[in-house]
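Engineer: Sharing a structure with you now.
The values are calculated or read from the model by the stated rules, or taken from the named source; none is laboratory data. Every value quoted in this text rests on a predicted model; they were computed, and no experiment measured them. FYI the Cβ positions are ideal-geometry reconstructions off the backbone, even for glycines, and counts take in every protein chain you see. What goes into the accessible areas is simple: the full protein's heavy atoms, side chains included, and nothing from ligands, DNA or RNA. Shrake-Rupley method; radii C 1.70, N 1.55, O 1.52, S 1.80 Å.
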Amino acid sequence: MEIPNIIGAGLIVIGAALGIGRIGGSAMDAIARQPEASGKIQTAMLIAAALIEGIGFAALFAS
C-alpha cells in the first residue's frame, strides 16, 4: 500500500466509527425517552450500523 492509500483507509475507518458511535448514542437517548420502543430502536440501530460497516469495508477494499 502506498502512503495516500493508508491515509484514505484510516479516514474511512474513522468516519465509519464516528457514524456508528453517533447512531449508538442517539439510540440510547431515544431509548431513555421512550423505553417501550426499545426493541424497534435497537433494530433500526443495528441495521444502520451494519450498513455503515458494510460501506466502510467496501471502501477499504476499493482503496
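Engineer: Would you work out what percent of the accessible area of segment 1-59, with all protein chains in place, is carbon or sulfur (probe 1.4 Å)?
Structural biologist: Answer for segment 1-59 is 70 percent, counting heavy atoms of protein chains only.
Engineer: Only one of the listed values, (1) 52, 15, 5; (2) 26, 21, 21; (3) 50, 15, 7, was derived from the coordinates as Cα extents along the principal axes in Å; which label is it?
Structural biologist: The value computed from this structure is option (3).
Engineer: Could I have the simple spin-label model distance between ALA50 and ASP29, label points 7 Å from Cα toward Cβ, reported in nm to one decimal?
Structural biologist: Result for the modelled spin labels: 2.5 nm.
Engineer: Taking the 0 to 90 degree range and rounding to the nearest ten, how far is the long axis of helix 38-62 tilted relative to the main principal axis of the chain, both from C-alpha atoms?
Structural biologist: Approximately 0 degrees, to the nearest ten.
Engineer: In the chain, which GluC sites (Glu not before Pro) fall in coil by DSSP and have 12 or fewer other Cβ atoms within 10 Å?
Structural biologist: Filter output for the chain: GLU2.
Engineer: Compute the accessible area per residue over the chain, keeping the other protein chains in place, probe 1.4 Å, unit Å².
Structural biologist: Counting only protein heavy atoms, the per-residue value for the chain is 73 Å².
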